[in-house]
Amino acid sequence: MPKPKLSVLKFEGAQELLSTIAGDYAVEITKIWERKGKMITDEEIAKKMKLKVTEARTILNRLHYRGISCYHKTKNTKTGWYSYTWEIKTKRVLELLLEKYSERLEKLEVKRNFEQNYAMFTCKKQCDYIPFEIAVEYLFKCPECGATLEAVDNKKRIKNIEKEMELLKGQSETIKKTQ
Ligand SMILES: [Zn+2]
């Protein structure tokens, strides 16, 4: 099992994703896993994190539910006890991240298109923000103060949306290259 070159935790939203799924400790477990790079028992994880074994297992089980962790069960022939060694599927984390990115990208695209297609209008005093269709009805005079309604400059907002879109696209490309 080769060690991953780039930590999954470096990707935009990765830590948030893990925390949402299994709590903040999930990030720490992933760190431990990436450092170690091979199967690790839940006892060892618990010890490293100063948690009870049951607590560590709860986190691992939550990750397992989303396909992020998997375990191997081995029976100790002398004691009859089972021991569990775990693996964190960083590929799965990246897969979930890609899904998240594309959802976010879709939303941003809708938002950007809205900003591009629906100009808002306001007067100097900014009494109110009025969409184009309504501004036409008011003959571009503010219904409150009578001043001229002018298009709100939303270039900056569009630029910020596009910046975020670029970032997500870039991260998606990097993930796709690592797979
Ligand atoms: Zn006004």
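The values are calculated or read from the model by the stated rules, or taken from the named source; none is laboratory data. What you see is a predicted model; the values in this text were computed from it and never measured. Positions of Cβ are backbone-derived with ideal geometry, glycine not excepted, and every protein chain shown enters the neighbour counts. Areas reflect the complete protein model, heavy atoms only, side chains present, ligands, DNA and RNA absent. Shrake-Rupley method; radii C 1.70, N 1.55, O 1.52, S 1.80 Å.
For the chain, carbon and sulfur atoms together expose 51% of the accessible surface, with a 1.4 angstrom probe and every protein chain in place. Electrostatic tally near Ala22: other residues with Cβ closer than 14 Å to its Cβ, Lys and Arg +1, Asp and Glu -1, net +1. Cross-link partners for Lys155 among the aspartates and glutamates, with Cα-Cα distance under 17 Å and sequence neighbours closer than 8 places in the same chain left out: Glu109, Glu115, Glu164, Glu166.
Rounded to the nearest 500 deg cm²/dmol, what is the calculated helix-only ellipticity per residue at 222 nm for the chain, with -39500 (n - 2.57) per DSSP H run of length n ≥ 4?
Numbers: 7 runs with 100 residues, N = 179.
Here the helix-only value at 222 nm equals -18000 deg cm²/dmol.
May I ask you to compute the full-extension gain from Met39 to Val152, defined as 0.36 nm times their residue separation minus their alpha-carbon distance, rounded to one decimal in nm?
Details: separation 113, 0.36 × 113 = 40.68 nm, distance 5.69 nm.
Using 0.36 nm per residue and subtracting the Cα-Cα distance, I get 35.0 nm.
Packing here is the average count of other Cβ atoms within 10 Å per residue, and on that basis the peptides 10-19, 149-158, highest first, run 10-19, 149-158.
If you take the square roots of the eigenvalues of the alpha-carbon gyration tensor of the chain and sort them as a ≥ b ≥ c, do you get rounded (a/c under 1.5), prolate (a/b over b/c) or oblate? Numbers along the way, then the final one.
Details: a/c = 4.57, a/b = 3.22, b/c = 1.42.
Verdict is prolate for the chain.
Shape call for the range 100-178 from the C-alpha gyration tensor, a ≥ b ≥ c root eigenvalues: rounded (a/c under 1.5), prolate (a/b greater than b/c) or oblate? It would help to have the intermediate numbers written out before the result.
Details: a/c = 5.05, a/b = 3.48, b/c = 1.45.
Prolate.
Step through the table entries Lys31/Lys52; Lys36/Lys177; Lys31/Lys100; Lys89/Lys156, compare each Cα-Cα distance with 29 Å, and write down the pairs that go over it. Walk me through the numbers before you get to the answer.
Numbers: Lys31/Lys52 18 Å; Lys36/Lys177 23 Å; Lys31/Lys100 21 Å; Lys89/Lys156 39 Å.
Beyond 29 Å between Cα atoms: Lys89/Lys156.
Measure up Lys48/Lys73; Lys125/Lys163; Lys47/Lys169 against 32 Å on the Cα-Cα distance and list the ones that go over.
Details: Lys48/Lys73 21 Å; Lys125/Lys163 30 Å; Lys47/Lys169 39 Å.
Long pairs (Cα-Cα over 32 Å): Lys47/Lys169.
Could you provide, to the nearest whole Å², the per residue accessible area of the chain with probe 1.4 Å? Value for the chain: 68 Å² per residue.
So which aspartates and glutamates pass the test for Lys38, namely a Cα distance under 14 Å, with those fewer than 8 places away in the same chain ruled out? Output for Lys38: Glu87.
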